[in-house]
Amino acid sequence: MMKVSCSQEDLSRGLAVVGRAVATRAVLPITSNILIAAEGSQLKLAATNLEIAITCWIGATIEEEGTITLPAKLVTDFVNSLPSGRIDMAMPSQSQPVELTCARYEAHISGLDAADFPPIPKIDEGVTIRVKPDELREAINQVAFAAASEESRPVLTGVHADFDGDQLTLAAADGFRLAVRKLSLDNVVDEKIAVIIPARALAELNRLITDQEEPVELTINPKKSQVIFKLRNIEMVSQLIQGTFPNYDQLIPQSYTTRAVVNLADFLRATRSASIFARDGSGIVRLQIMPKDGNGKIAISARAEEVGDNLGEVDAAVEGDESKVAFNSKYLVDVLAVLAGDEVVLETTTSSSPGVLRPVGKDNYVHVVMPMFVQW
Amino acid sequence: MFFYKGLRMPRILHIDLDAFFVSVEQVVNPDLRDKPVVVGGDPGGRGVVACASYEARVYGLRAGMSLAVAQRLCPHAIFLRGNFYRYRDASAGLRDILAEFTPDIEPLGLEEAFLDLTGFEPLYGPVRKTALQIKRRIREELGLTASIGIANSKVVSKVASDLCKPDGLVEVLSGEEPLFLAPLPVAKLPCVGSKTESALRRIGITTIGELARLPLSFLKQSFGVHGEIMHRYASGIDGRRLAPPAPPKSISRETTFGEDTSDRVFLNATLHYLGERVGATLRSQEKQAKCVTLKLRYADFESITRSRTLKEATDTDRTIYEVGQYLLEKALERRAALVRLIGVGVSNLTEGRQLKMFDPGTERLERLNGAIDRIRGRYGFTAIEVGSTLPLRGMFSIEDGRYRLETPSLSR
């Protein structure tokens, strides 16, 4: 039994939010459905692919409480097609289809019993942390892309989150690059705690933090197997990755022989332009960093065999020796595109040692990229 | 402009070393001079004539003929297996000499090349004189003879050099190309193969002159695009520029067994050996490969190739061998039968190597590969070996520090 009404806009937005957690290739068929529960004064929507679960509450008028699961794609596409206005949902009995009416539209959708829907984990105890939404968003943006996309080393598909005092350090590495971002917490954790959160879950979280102003609350369960993120009207639960994350501190070079300060936008433009020519030859862009009293430069070049080559230059304040180093253009573009501020520092040593990028004037971010070994 | 007109007349030189493999053998062993000599292998074996001396050609021996037939035609011929490394060295000698005359060279195989000497004459005198100098240097420094054709295009210079073999020199003056080609049989044109030749003969065309007089529309209709090329070449028109040597797109090694085999240990050992040879070449070119290909030919001549694309480009022997072995397993699962030929190759070559953060193993492997390459460079391939190629020891002889496979490729 269920009888409820809500606005088409709210339902459409809610379905879009939980839709990201619907299983695409479902082992368990019911996970391609969305759970719809009319309880209290709200309509609860939930979906899970067993790795993450997203729950969302929307305002509704509930005449009769009830729960059902409906095929995600069908119900979402139908609701999106409706005019804005009031939607009525009614389920006369558990075995009958749900009737959806809106203006002069009416549909009947057969569901599956909510009792068979995988339980969405509840996390009531554990370590709770609060973070400013804007800072978290930026931090995830600057770190998550550096995680590995393939599963050969599962820990590397995650982002290492280290909570210490009032500070959170996020780190990701895929074996070719490392991104580390520090951010401050709104509260203090009593005890140091470190977990590995799937990078995919954080990417989803970033899509969910949109118009949030109040802090994002996150709780790690005592077994350190799950984490819940609480936003306004939305909760996301994610499994945590078990294993040992590499000790990344030792991967960050402690010294350099060449240090160049460059305008971020110029550097990104020159790298993007070189990457067009680097598409053929394994994405190689060559950087030649040339010091000159006060007005040095970085020459960024790429060539495609039998096709052509290009060279771009950007002004740089260079300290130290002239140096040559080649990178995969994708790795360079990835990091330059997420850095904040106007200027970036590039530190290099030899052409086979890692390059380090940092924003100028902030010591909260460091990015390490392994170079490509090429013939000069 | 009028005064410089002559400067821009194309002058293309085609050079071809005479009876190359045999001539190199005769330099190494002068006793072989003036005798019917065949390079290709043991007449009891399954190979073909790779090269026959002019004395042997008198008996009708030709490249590509089976060795058994060759022996029947010329029973007293001396049959040699040949040695690629000697040919490669002679070829390098040729290239060094040519490079002293012009950088504009298009090598064709080991023993042939086109040289572009356009605009040469005002500076260095007649091209003919230069050609004679080249021939002299080759004779004095390599002990070999060469035939040279000079003309305004690649196709005419090649026809010319072919016409004056051995040890000849023909220059076709500018404007006289059609006259020069006209009386020659159509088969002398590089674009006319045996099928085209017989098709032309059926319509009564036997000379290049007759071919050139056929209407273009008729040739296009009968032979398509190829007809158009024939029409141009027969008229002595060929605007192709020299193609400088391009980097290879793939590297492969293969061998035909003396006897068909299904012995896995032996197949794996051969595969490993060939894979190491591929890897060494790859590393010497400072390239990485993203694709490994296995080639198998069964005893009934069914030939298959199987490829696998790697996640990351590699230049290590072990990876090439492991992927090759995986493909071999798969192939033999599909069809386990006697194998006649096995080969392994790499393609999708890339430059540069992405260095890794957590992978000291790769670096170790690289140093190991480098050390093995250096040892083999100095003391020969068999100076250091992996266990799995050891079975080859009992089966093949070692020559110059390398295994003598049954039918080694003579041109690489």
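Tell me the residue from B:332, B:341, B:355, B:328 that is under 30 Å from residue A:178 (Cα atoms) and not assigned by TED's automatic domain parsing to the domain that holds residue B:45, please.
Numbers: B:332 fails: under 30 Å from residue A:178 (Cα atoms); B:341 fails: under 30 Å from residue A:178 (Cα atoms); B:328 fails: under 30 Å from residue A:178 (Cα atoms).
On inspection, the qualifying residue turns out to be B:355.
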Subject >> Residue in region A:300-309 that is over 24 Å from residue B:312 (Cβ atoms), of a type in the set (A, V, I, L, M, F, W, C), in contact with an Asp or Glu (Cβ under 9 Å, 6 or more places away or on another chain) and buried (at least 17 other Cβ atoms within 10 Å of the Cβ) present >> reply: yes
**OP:** Please find, among B:366, B:351, B:322, the residue that is over 30 Å from residue A:250 (Cα atoms), surrounded by 14 or more Cβ atoms within 10 Å (Cβ to Cβ) and of a type in the set (D, E, K, R).
**Re:** B:322
Original post:
Are any residues in region A:309-329 part of a strand (DSSP E or B), under 15 Å from residue A:267 (Cβ atoms) and in contact with a Gly (Cβ under 7 Å, 6 or more places away or on another chain), and if so, which ones?
Top reply: A:316, A:317, A:318, A:325, A:327
Original post:
Do we have residue B:332 as surrounded by 13 or more Cβ atoms within 10 Å (Cβ to Cβ), at pLDDT 85 or above and within 14 Å of another protein chain (Cβ to nearest Cβ) here?
Top reply: no
Original post:
Which pairs have Cβ atoms under 7 Å, sit 6 or more apart or on different chains, and link a residue in region A:194-211 that is among the β-branched types (Val, Ile, Thr) to one that is assigned to a helix (DSSP H, G or I)?
Top reply: A:196/A:155; A:209/A:133; A:209/A:136; A:209/A:137
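If I ask for residues that are touching a Ser or Thr at 6+ places or on another chain (Cβ under 8 Å) and more than 14 Å from residue A:357 (Cα to Cα), which ones from region A:242-256 would you list? Can you show your working first?
Within region A:242-256, the subset touching a Ser or Thr at 6+ places or on another chain (Cβ under 8 Å) is A:242, A:253, A:255-256.
Listed by number, the list holds a single entry, A:242.
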Original post:
Can you tell me how many residues in region B:366-393 are more than 14 Å from every other protein chain (Cβ to nearest Cβ), touching a residue at least 12 places away in the same chain (Cβ under 8 Å) and not charged (D, E, K, R)?
Top reply: 13
**OP:** Show the residue pairs that are 6+ apart or on different chains and have beta-carbon atoms under 7 Å apart, the first residue being within region A:317-336 and in contact (Cβ under 8 Å) with a residue 12 or more places away in the chain, the second being surrounded by fewer than 18 Cβ atoms within 10 Å (Cβ to Cβ) and outside any strand (DSSP E or B).
**Re:** A:320/A:257; A:321/A:257; A:323/A:257; A:324/A:376; A:333/A:272
**OP:** Go over the candidates A:356, A:314, A:307 one by one and state the one that is within 14 Å of chain B (Cβ to nearest Cβ) and either in contact with a helix residue (DSSP H, G or I) (Cβ under 7 Å, 6 or more places away or on another chain) or within 22 Å of residue A:177 (Cβ to Cβ) (or both).
**Re:** A:356
**OP:** Please state which of the following conditions residue A:337 fails to meet, knowing it meets all the rest: (1) of a type outside the set (S, T, N, Q); (2) in a helix (DSSP H, G or I); (3) closer than 20 Å to residue A:248 by Cβ; (4) in contact with a helix residue (DSSP H, G or I) (Cβ under 7 Å, 6 or more places away or on another chain).
**Re:** (3)
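Can you list the strands (runs of 3 or more DSSP E) lying wholly within region A:1-68 that have 3 or more residues being more than 19 Å from residue A:209 (Cβ to Cβ)?
Values: elements: A:2-7, A:33-39, A:42-48, A:52-59, A:61-64.
The qualifying strands (runs of 3 or more DSSP E) are A:2-7, A:33-39, A:42-48, A:61-64.
Would you tally the residues in region A:336-353 being on the phi < 0 side of the Ramachandran plot and more than 14 Å from chain B (Cβ to nearest Cβ)? Working first, answer last.
So the first thing to find is which residues in region A:336-353 are on the phi < 0 side of the Ramachandran plot, and the list is A:336-340, A:342-353.
Now restrict to residues that are more than 14 Å from chain B (Cβ to nearest Cβ): A:336-340, A:342-347.
Here the count works out to 11.
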Original post:
Counting residues that are in the same structural domain as residue B:58 (by TED's automatic domain parsing), out of contact with any helix residue (DSSP H, G or I) (no Cβ under 7 Å at 6 or more places or on another chain) and small (Gly, Ala, Ser), which helices (runs of 4 or more DSSP H) fully inside region B:148-226 reach at least 2?
Top reply: B:154-163
Original post:
For region B:219-236, which residues satisfy the criterion of being crowded, with 17+ Cβ neighbours inside 10 Å, out of contact with any Asp or Glu (no Cβ under 8 Å at 6 or more places or on another chain) and without any contact (Cβ under 8 Å) to a residue 24 or more places away in the chain?
Top reply: B:227, B:231
**OP:** Could you tell me whether residue B:333 is of a type in the set (D, E, K, R) and either more than 27 Å from residue A:370 (Cα to Cα) or touching a helix residue (DSSP H, G or I) at 6+ places or on another chain (Cβ under 6 Å) (or both)?
**Re:** yes
**OP:** May I ask you to list the residues in region B:1-45 that are at pLDDT below 90 and surrounded by 17 or more Cβ atoms within 10 Å (Cβ to Cβ)?
**Re:** B:10, B:40, B:41, B:43, B:45
**OP:** Taking the options A:306, A:347, name whichever one is assigned to a loop (DSSP other than H, G, I, E, B) and over 23 Å from residue A:144 (Cβ atoms).
**Re:** A:306
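Just need a number here: residues in region B:253-283 that are under 19 Å from the mean Cα position of the chain (by Cα) and within 25 Å of residue A:283 (Cα to Cα).
At the first step, the residues of region B:253-283 found to be under 19 Å from the mean Cα position of the chain (by Cα) are B:253-256, B:274, B:277-278, B:281-282.
Of the ones still in play, those that are also within 25 Å of residue A:283 (Cα to Cα) are B:278, B:281-282.
Going through region B:253-283 one residue at a time, the tally reaches 3.
Going by the conditions given, is residue A:116 away from chain B (no Cβ under 14 Å), within 21 Å of residue A:206 (Cα to Cα) and exposed (fewer than 14 other Cβ atoms within 10 Å of the Cβ)?
On the way: away from chain B (no Cβ under 14 Å): yes; within 21 Å of residue A:206 (Cα to Cα): no; exposed (fewer than 14 other Cβ atoms within 10 Å of the Cβ): yes.
In short, no.
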Original post:
Could you say whether any residue in region B:250-257 is among the β-branched types (Val, Ile, Thr), closer than 27 Å to residue B:110 by Cα and either in contact with a Lys or Arg (Cβ under 9 Å, 6 or more places away or on another chain) or within 14 Å of chain A (Cβ to nearest Cβ) (or both)?
Top reply: yes
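May I ask you to say which residue of B:284, B:262 is small (Gly, Ala, Ser) and more than 14 Å from chain A (Cβ to nearest Cβ)? Walk me through it before giving the result.
Details: B:284 fails: more than 14 Å from chain A (Cβ to nearest Cβ).
Criteria check complete, one pass: B:262.
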Original post:
Is there any pair linking a residue in region B:333-349 that is at positive phi to one that is of a type in the set (A, V, I, L, M) and modelled with pLDDT under 95, with Cβ under 8 Å and at least six apart or on different chains, and which?
Top reply: B:348/B:289; B:348/B:313
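Criterion first (hydroxyl-bearing (Ser, Thr, Tyr) and surrounded by fewer than 20 Cβ atoms within 10 Å (Cβ to Cβ)) does residue A:31 satisfy it?
Working: hydroxyl-bearing (Ser, Thr, Tyr): yes; surrounded by fewer than 20 Cβ atoms within 10 Å (Cβ to Cβ): no.
Judged against the criteria, residue A:31 is not a match.
So that you can scan it fast, the table gives a plain yes or no per residue for (1) outside any helix (DSSP H, G or I); (2) modelled with pLDDT under 95; (3) touching a strand residue (DSSP E or B) at 6+ places or on another chain (Cβ under 6 Å); (4) buried (at least 20 other Cβ atoms within 10 Å of the Cβ):
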residue: A:274; (1), (2), (3), (4): no, yes, yes, yes
residue: A:280; (1), (2), (3), (4): yes, yes, yes, no
residue: A:298; (1), (2), (3), (4): yes, no, yes, yes
residue: A:331; (1), (2), (3), (4): no, no, yes, yes
residue: A:356; (1), (2), (3), (4): yes, no, yes, yes
residue: A:363; (1), (2), (3), (4): yes, yes, no, no
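The values are calculated or read from the model by the stated rules, or taken from the named source; none is laboratory data. Just so it is clear, the structure is predicted and the values come from calculations on it, not from any experiment. Quick reminder, even Gly has a Cβ in these numbers, built from the backbone with ideal geometry, and neighbours come from all protein chains shown.
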